[in-house]
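Okay, structure first, notes after.
The values are calculated or read from the model by the stated rules, or taken from the named source; none is laboratory data. A quick note: this is a predicted structure, and the numbers were derived from the prediction, not measured. FYI the Cβ positions are ideal-geometry reconstructions off the backbone, even for glycines, and counts take in every protein chain you see. Only protein heavy atoms, including side chains, enter the accessible area calculation; ligands, DNA and RNA are left aside. Shrake-Rupley method; radii C 1.70, N 1.55, O 1.52, S 1.80 Å.
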Amino acid sequence: MVDIAYDAQDKVLNVDNAIYNYEWFKQQKEDVDALGKKVQTAQLQADSFRVSAGDRKDWTFEDKNEDARLQSIVTGLTNQLTQAVADYNARAKMATRNIFQDGVLPSYIDALTFIKK
């Protein structure tokens with residue numbers, strides 16, 4: 001039992017693992033922030049199109065296709081953001097990984113903070 005504990009500690013608390021996990025948290029947080037901005041930008045574009053296109057009953061076939069395309073982009077980016085947040089939060093809960101967070105990064109990211117209400 002002592003050997004198992006030592007082996008586990010040796011694998012978790014080595015320099016390469018510490019650097020990898022520290023850098024992963026930093027990169028993932030930046031990725032989450034960037035995806036959040038992309039979602040906001042895509043949503044603004046979709047909203048702007050709807051305003052400029054006027055009343056939906058007057059839309060052409062092309063207008064409807066463009067609206068669907070813009071909404072698909074928003075949905076796709078939102079899905080990417082949700083997955084990136086889930087990956088971050090899952091690792092932040094892992095005892096063998098969360099010890100490498102530096103205290104500046106959040107221990108949990110709420111995906112709803114990025115969703116326009």
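Rounded to whole Hz and in sequence order, give me ³J(HN,Hα) for region 45-50 from the Karplus expression 6.51 cos²θ - 1.76 cosθ + 1.60, θ = phi - 60°, writing x for Gly and Pro.
5, 5, 5, 4, 4, 4
So which chymotrypsin sites (Phe, Trp or Tyr not before Pro) in region 32-90 are both in a DSSP loop and have at most 15 other Cβ atoms within 10 Å of their Cβ?
On the way: sites: 49, 59, 61, 88; in loops: 59.
Qualifying residues, ordered by number: 59.
Rank 16, 33 by accessible area, highest first, at a 1.4 Å probe radius? Show your work: numbers first, answer last.
On the way: 16 120, 33 40 Å².
I get 16, 33, largest accessible area first.
Per-residue accessible area for residue 41 at 1.4 Å probe radius, Å² rounded to 10?
Using a 1.4 Å probe on the heavy atoms, I get roughly 70 Å².
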